[in-house]
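Before any comments, here is the structure.
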Amino acid sequence: MLTMSVDTRQTAAAMDQQQDGQGREAIKLEGAEVIYGRGKKTTQALAPTDLKVEQGEFVALVGPSGCGKSTILKLVSDLLAPSSGNVHVGGREVGAKRVGVGMAFQNPTMLPWLSVRDNVMLPLKIVPPFRSRYRQARKGEFRDRAEALLEKVGLKGFGDKQPWQLSGGMLQRASLCRALIHDPELLLLDEPFGALDQFTREELWGILQNLWLESKPTVLLVTHDLREAAYLGTRICVMSPRPGKIIDDQRVHLPRPRTISMTYEQDFVQLTQQLRELITHTRPDAA
Amino acid sequence: MEFVDKMRQKVAAAALILGFFVAWELICLLFGVPEIVLPRPSQVMDTLIARFPQLLPHVIQTLSTTLTGFAMGVTVGMLLGAIVGSSKVAYDTAYPLLVGFSSIPKVAVVPIFVLWFGSGTVPAVLTSFVICIFPVVVNVATGLATTEPELEDVLKSLGAKKREILWNVGIPRAMPYFFASLKVAITLAFVGTVLAETIASNRGIGNVMMIATSSFDVPLVFSGLFLLAILGVTLYLIFSLIERKVTGWAMRKSELPAA
């Protein structure tokens, strides 16, 4: 599967979309604006923003820190309500319909009192339709499922460990497993590799790419690593500094599966360079 | 290595306790302190052993009173703590009242309980109940209120309801705080019981000590103190042990793997 040429994959996807009439919409922001605070002390975290993401897309959101990238994720995951405008997920107002959402944060946010495996299985305890079977399947089917996923990210045999026994990179892998265990339609990643060293980060890019190619969930990845955005994304949205809004939106036409050595080739370097310029030019202190 | 360290610590603690009693004994002997002022530990132990059969019912009385009050206090404290800790508004609103209640000296409350319920076991239970609510409420509330929002976000983004978040994150997170408060509460519960027994009861160690004082039976008074200390330490140890079993994740510092 992984060696399948990307062109055929893309045309296949395009044909699917044509059959449906058009690509089904996973996320839609319409003039979504977020303002923190009340009265005179308000901060506009996100300027009115429009964004449409189709199912199966891998969108990377890049921009300077504090530009509202994470705010968009919070809107989509219903952790935050927009001050004005609309947020639709899966064709309905966010929160109106339960959509399978997996989320991973910059911190691994493992619950310290649970084993790594129990942490990974946490979504199965909460999200239907799994939750009704959690008690019976906890020691059988779900356990195997968690173990299989842990093995894919290179954590075979670490399920019984406590979170504090693992390194930062290992915890982040486990955090990815937790985000994916319930086969979410939507995967929201908030700088998941931000705190890792370069080698671990690049390894995890590969793992994430494979996981995404397997089940093709819609992904929204917030990052400020341009190479990461270009390596992983099918589409890159660049945001301006606070109050953030999307100033550039482009598709990435590099073939998949992408490799680390590709990131040193001319196309790739050109792409990241162009992104970098976009961001540096919009910075207020750039003048 | 670790085992040796732990043993050394235990030996040191035991040596300190032993040294304390030996010093006490020696000072009494050296300065010829009369028994009626300060009995020697050996005299206290003699009295304790000789009069144990008479003391036993009182020990049971005090222990059961304390545990009843403690159980009530912990239950109520836990519920109140959960309510107070679950929202910022409740926390800020209820705190002044709680502090007010807890700063009332409990000695002052015992006569009121006697007035309402007559002397005997009930005021003692109530005193220990009242005295051990506060630490439990404060700790449970703090544990819940200081839960990292990131941990809650993990569940919220999955669409978990408030109750599920409380059950899966809030409560386990508050457990170390809860157990820390239990250790404080159990010792306080003893204080409450003995206080009430001393003032208004005809049974219990507090009452025995009261009567012994009035008849200048000082070794017996000290026997009572010893018994209370032993009971207090025993219950404290039991709760520490449960605490370690349940909330080991929060106290792992000493057992971090070398690698």
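Across the stretch B:178-191, rounded Karplus estimates of 3J(HN,Hα) from the backbone phi angles (6.51 cos²θ - 1.76 cosθ + 1.60, θ = phi - 60°) give 4, 5, 4, 6, 4, 5, 5, 5, 5, 5, 5, 4, 4, 4 Hz, Gly and Pro being marked x. Dividing the summed -39500 (n - 2.57) terms of all DSSP H runs of n ≥ 4 by the residue count of the protein assembly as shown sets its mean residue ellipticity at 222 nm at -18500 deg cm²/dmol.
Pairs with C-alpha atoms separated by more than 19 Å, drawn from the list A:Lys41/B:Lys162; A:Lys139/B:Lys156; A:Lys125/B:Lys162; B:Lys6/B:Lys183; A:Lys161/B:Lys245, are A:Lys41/B:Lys162; A:Lys139/B:Lys156; B:Lys6/B:Lys183.
Need one number for the stretch A:26-154: average projected area of the convex hull over its C-alpha atoms, nm². Each step should come with its number before you reach the end.
Details: hull surface 41.7 nm².
Quarter of the Cα hull surface area: 10.4 nm².
Look at the stretch B:156-166: the mean tally of other chain Cβ atoms within 10 Å of its residues' Cβ atoms is 6.
Does anything in the stretch A:47-70 have its amide N under 19 Å from the 7 Å Cα→Cβ label point of A:Tyr36, and if so which residues? Hits in the stretch A:47-70 for A:Tyr36 at 19 Å: A:47-49, A:62-70. Phi angles across the stretch A:24-34 convert, under the Karplus curve 6.51 cos²θ - 1.76 cosθ + 1.60 with θ = phi - 60°, into 3J(HN,Hα) values of 6, 7, 9, 9, 9, 10, 10, x, 6, 10, 10 Hz, Gly and Pro given as x. Distance from the alpha carbon centroid of the stretch B:1-63 to that of the stretch B:71-97 works out to 39 angstrom.
A simple charge model with +1 on the Cβ of Lys and Arg, -1 on the Cβ of Asp and Glu and nothing else charged puts the dipole of the protein assembly as shown at about 900 debye relative to its Cα centre. Computed over the alpha carbons of the protein assembly as shown, Rg followed by Dmax gives 32.2, 105 Å.
Here's the picture: a label point sits 7 Å out from the Cα of B:Ile242 along the beta-carbon direction, and within the stretch B:73-100 the residues with their amide nitrogen under 15 Å of it are B:73-79. Once Rg and the Kirkwood radius are both taken over the C-alpha atoms of the stretch B:109-259, their ratio Rg/Rh works out to 1.15. Only Cα sites of chain B enter the Debye sum here, all with the same form factor; the resulting log10 I(q)/I(0) across q = 0.11, 0.12, 0.13, 0.16 1/Å is -0.78, -0.88, -0.98, -1.19, listed in q order.
Near the amide H of A:Met239, within less than 5 Å, lie the amide hydrogens of A:Val62, A:Gly63, A:Ile247, all on another chain or at least 5 residues away, with H placed in the peptide plane. Karplus-based coupling profile of the stretch A:221-233, in residue order and whole Hz: 10, 9, 7, 10, 9, 5, 5, 4, 4, 6, 6, 8, x, with θ = phi - 60° in 6.51 cos²θ - 1.76 cosθ + 1.60 and x standing for Gly or Pro. The label-point distance for A:Thr280 and B:Phe52, in a model that sets each label 7 Å from Cα toward Cβ, rounds to 8.5 nm. Normalised by the number of residues in chain B, the mean separation of alpha-carbon contacts (under 8 Å, six or more apart) gives a relative contact order of 25 percent.
Counting only alpha carbon atoms, the long axis of helix B:2-31 and the longest principal axis of chain B meet at about 30°. Each peptide in A:83-90, B:244-251 receives the mean, over its residues, of other Cβ atoms within 10 Å, and ordering these scores from highest gives A:83-90, B:244-251.
The mean number of Cβ atoms from other chains found within 10 Å of a Cβ in peptide A:66-78 is 1, as a whole number. Summarising the amide proton neighbourhood of A:Ala26: residues at separation of 5 or more, or on other chains, whose placed amide H is nearer than 5 Å comprise A:Val53, A:Glu54, A:Gln55. Averaged over the residues of A:110-123, the number of partner chain Cβ atoms lying within 10 Å of the residue Cβ comes to 3.
Less than 5 angstrom separates the built amide H of A:Phe58 from those of A:Val219, A:Thr234, A:Arg235, all sequence-distant by 5 or more or on a different chain. The distance linking the stretch A:166-186 with the stretch B:116-170 is 31 Å (Cα centroid to Cα centroid, whole angstrom).
Once you reduce the stretch A:77-130 and the stretch A:233-264 to the center of their Cα atoms, the two points are 24 Å from each other. Among the listed pairs A:Lys52/A:Lys74; A:Lys216/A:Lys245; A:Lys52/A:Lys245; A:Lys152/A:Lys216; A:Lys28/A:Lys69; A:Lys69/B:Lys88, give every one whose C-alpha distance is greater than 18 Å. With Cα atoms farther than 18 Å apart: A:Lys216/A:Lys245; A:Lys69/B:Lys88.
Laboratory data are not the source of any read-out in this text; all were calculated from the coordinates shown. Keep in mind it's a predicted model, so treat the numbers as computed, not measured. For neighbour counting, all protein chains shown are included, and Cβ atoms are generated from backbone atoms with ideal geometry for every residue, glycine included.
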